[in-house]
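The block underneath contains the structure these notes are about, expressed in structure tokens.
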Amino acid sequence: MASVSNSFMKLFRGPSTETEPDHSQSVKPLRSNSRLTRRSSGLAELSRQLQSEEPLCILDIGSTSAANIRYLTERGHKIYSEDLLDASTDPALAIRDEQGQNTLDHKRFLAENLVFRNAHFDIVLCWNLADYLDADLVKPLVARLWSMIRPGGMLLAFFHTQEAGPDAPCYRYHIMGTDTLEMQHIEARSDMRKGPSGQNPHSAFRLQRVFNNRNIENLFRDFTSIKFFLTRDNIREVLVVR
């Protein structure tokens, strides 16, 4: 599989950079009330690599999107898809900690998910997973992803800002173009909403935490470099290089 091109690497100067706000990144409603569309500077930069004539190996760990599978395979790339947020709500993962509180069996989760060899992927699409995933899973997950990405490979992730609020909706992201995403609001399946952490069975996926820039840099500290993109819709887009 192809690795990241030298021309792309030149975009990263030092451990982290931050772009000026892109005020064109507004979120616009589509005809359907359940879907929105937004521009993504992170995706636009990532798309330069997607133009590679050599096939890339890509992992999408957000909510499964047929549009993403179609978009990437039409360009000759190989894509793997794992809905880790949905998988993490499986009641079978529920265990009791030393204090008798409901928690998630993290070792079992990682043993049953993301079972790939090291340096297997050129690109990982993480989307907003880290904000909604069980807090104790986030760092082990990023460590697993680091090992699975080829040196020079990339990971795209979205993080909410403090202004988003705890009721910020969870979205499935569909790639519609080189810099355009369609966002579809999602909720936990009715038979899995009572997840390992004892969530309200009638609630949607809820924002678990808000990472600031320092938190994000610490989360990806083992990666070579990190770049932030500011947006107007309370989202930080982050592109990291292994």
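The values are calculated or read from the model by the stated rules, or taken from the named source; none is laboratory data. Predicted model, so just to flag it, every value in this text is computed and none were measured. Using ideal geometry, Cβ is built from the backbone for each residue, glycine included, and neighbour counts are taken over all protein chains shown.
Worth a mention:
- Phe116 vs. criteria among the aromatic types (Phe, Trp, Tyr) and in contact with a Lys or Arg (Cβ under 7 Å, 6 or more places away or on another chain): no
- Residues in the stretch 171-184 that are out of contact with any strand residue (DSSP E or B) (no Cβ under 6 Å at 6 or more places or on another chain) and buried (at least 22 other Cβ atoms within 10 Å of the Cβ): Ile175 only.
- Single match in Ser197, Ser203 (criterion: at pLDDT below 90, farther than 28 Å from Ile69 by Cα and either acidic (Asp, Glu) or buried (at least 16 other Cβ atoms within 10 Å of the Cβ) (or both)): Ser197
- Annotation for the stretch 86-98: no member residue is farther than 24 Å from Phe159 by Cβ, small (Gly, Ala, Ser) and modelled with pLDDT of 95 or more.
- Within the stretch 141-168, being part of a loop (DSSP other than H, G, I, E, B), out of contact with any Lys or Arg (no Cβ under 7 Å at 6 or more places or on another chain) and crowded, with 16+ Cβ neighbours inside 10 Å holds for one residue alone: Ala168.
- Test for Ile186: is it under 16 Å from the mean Cα position of the chain (by Cα) and modelled with pLDDT of 95 or more: no
- For the stretch 112-140, the tally of residues that are closer than 18 Å to Arg206 by Cβ and either assigned to a helix (DSSP H, G or I) or touching an Asp or Glu at 6+ places or on another chain (Cβ under 7 Å) (or both) stands at 8.
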